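See below for the structure under consideration.
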Amino acid sequence: MPITLKELADFCGARIEGGDLSATIHSAAEITSAHQGQVTQLTNSRYTRYIKDSTASACFIAEGFGVERIPESMSLLVCADPEIGFIKAVELLHPARVYTRHIAPQAVLEANVVLGDELYIGPYAVIGENSSIGDHSKIHAGAYLGSNVKIGKNCHIYPYAVIYDGVVVGDNVIIHSGAIIGADGFGYKFRNGGHVKVPQVGNVVIEDNVEIGANTCIDRGALGSTLIGAGSKIDNLVQIGHNNKVGKNVIMCGLTGVSGSCTIEDYAILAGSSGIADHVTIGRGAVVMARSGVAGDVEAGAHVFGSPAKDKKTAYKEQIALSKLPELLKKVKMLEEKIQALEQDT
């Protein structure tokens with residue numbers, strides 16, 4: 001969607017420095033690849049070196065961000081928060097597809113389904129009996145919603161997502177392709193030489209403004225609900241076990257695994273490939289760093305690393321000490337040889 005530089009600046013609340021106010025901007029790109037007619041951003045000093053050779057027409061930058069050798073053809077879009085300004089620009093220049101009201105004839109709607117206004121339901125989507133879908137939601141091709149499922153307003157369920165019976169989804173929720181919400185939790189009792197399945201009769205409740213990545217699995221509670229709090233963002237390929245209580249605005253990065261009956265408090269961050277043992281509490285605002293294994297509770301605001309996870313400063317010191325171990329072993333061996341030589345001389 002082409003727009004003039006001035007229109008773009010006004011829309012994003014930015015001040016223009018240099019360049020042609022009437023220049024046309026047609027798209028956005030990274031600073032390493034942006035060309036004429038494109039807008040980019042510079043928010044990290046590590047990328048400053050790319051600006052001198054850039055042919056981008058405009059660049060979002062923060063007030064007071066020092067940079068030299070700006071090309072004469074480039075306009076700076078100066079604002080208090082260039083990352084948010086750039087996001088607004090991307091949304092304007094690359095508008096999302098608009099889905100008009102449509103229910104595909106190939107869709108399967110079972111008995112007593114309640115549909116809101118202005119819905120999009122794609123081909124071969126299945127909506128189970130007694131389920132409901134709120135206004136302006138989009139259910140894409142091949143998605144499966146079981147019985148007694150509740151989907152709120154303005155939700156986006158991508159192709160081949162699976163939502164089991166009884167799941168409750170709030171407003172403005174995005175569930176990406178291949179996600180499975182509400183499968184049985186992994187619960188067994190070992191008796192008489194075999195594993196006896198524990199019935200999983202709870203559900204999953206997803207609050208407003210949650211996004212769930214592709215191929216992520218969230219298990220239903222054994223008796224109660226597995227809860228995902230409002231505003232939380234869950235990456236692709238994440239496993240969340242049964243009976244977990246995930247707070248508000250939590251971040252879970254790809255390949256994270258959370259065992260059953262854990263509590264992840266508000267604003268916590270679980271970085272990529274982190275693993276959480278069962279019945280663990282991750283405190284408010286705590287950060288579990290990448291590839292860490294957590295076996296016990298983590299205090300609010302703590303940053304932990306390693307397996308087993310511990311305070312990151314302690315973990316870093318241990319890593320440094322381990323890196324010095326080969327040299328230390330050489331010294332020990334040399335000292336042993338000297339001692340043996342001295343003993344032989346006496």
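The residue list 334, 286, 254 was ranked by how far each Cα lies along the charge dipole of the chain toward its positive end, using unit charges on Cβ atoms, and 334 comes out on top.
Between 101, 284, 49, the residue with the greatest mean-square fluctuation in the GNM of the chain (Cα pairs under 10 Å linked by springs) is 49.
With the convex hull drawn around the C-alpha atoms of region 156-254, the volume per residue stands at 88 Å³. Modelled spin labels at residue 29 and residue 236, positioned 7 Å past Cα toward Cβ, are 2.4 nm from each other. Packing order of peptides 24-32, 241-249, highest average first: 241-249, 24-32 (average count of other Cβ atoms within 10 Å over each peptide's residues).
Basic side chains Lys and Arg get +1 at the Cβ, acidic Asp and Glu get -1 at the Cβ, and with that the dipole of the chain about its Cα centre reaches some 760 debye.
Annotation: amide H of residue 297 within the under-5 Å range of 281, sequence separation 5 or more or interchain, hydrogens built in the peptide plane. Every Cα-Cα pair of region 189-346 was included, and the share exceeding 26 Å stands at 42 percent.
For region 273-290 versus region 164-235, the spacing of their alpha-carbon centroids is 18 Å.
Beta bridges assigned by DSSP with both partners in the chain are antiparallel in approximately 15 percent of cases.
In this structure the amide hydrogen of residue 156, modeled in the peptide plane, comes within under 5 Å of the amide hydrogens of 138, 173, 174, 175, none closer than 5 places in sequence on its chain. For the chain, the normalised intensity computed at q = 0.12, 0.14, 0.15 Å⁻¹ comes to -1.00, -1.13, -1.17 (log10 of I(q)/I(0), Debye sum over alpha carbons, equal scatterers, no solvent).
For region 124-131, 3J(HN,Hα) computed residue by residue from phi via the Karplus equation (6.51, -1.76, 1.60; θ = phi - 60°) reads 6, 5, 10, 10, x, 5, 6, 8 Hz, glycine and proline entered as x.
Normalised Debye scattering of region 1-141 at q = 0.22 Å⁻¹ gives log10 I(q)/I(0) of -1.21, counting only Cα atoms as equal scatterers and leaving out solvent.
Annotation: peptides 310-316, 149-155, ranked by per-residue average of other Cβ atoms within 10 Å with the highest first, follow the order 149-155, 310-316. Overall, region 50-196 carries a charge dipole of about 440 debye about its Cα centre when +1 sits on the Cβ of Lys and Arg and -1 on the Cβ of Asp and Glu, all other atoms neutral. Listed cross-link partners 245/312; 150/310; 233/312; 88/317; 245/313 are compared with a 32 Å cut-off, the Cα-Cα value being larger for 150/310; 88/317.
Using the average count of surrounding beta-carbon atoms within 10 Å as a protection proxy, the listed peptides 63-74, 291-302 rank, highest first, as 291-302, 63-74. Taking the Cα centre of region 284-346 as origin and assigning +1 to Lys and Arg Cβ atoms and -1 to Asp and Glu Cβ atoms, the resulting dipole is close to 380 debye.
Between residue 223 and residue 106, the C-beta separation translates, for a Förster distance of 51 Å, into a calculated FRET efficiency of about 0.85. The slack between residue 15 and residue 295, meaning 0.36 nm per residue of separation minus the straight C-alpha distance, is 95.8 nm.
Within the same chain, aspartates and glutamates fewer than 8 places from residue 52 are excluded, and of the rest, those with a Cα less than 15 Å from its Cα are 30, 68, 72.
Where a number appears in this text, it was derived from the coordinates with a stated rule and is not lab data. Predicted model, so just to flag it, every value in this text is computed and none were measured. Glycine also receives a Cβ, built like all others from the backbone with ideal geometry; neighbour counts cover every protein chain displayed.
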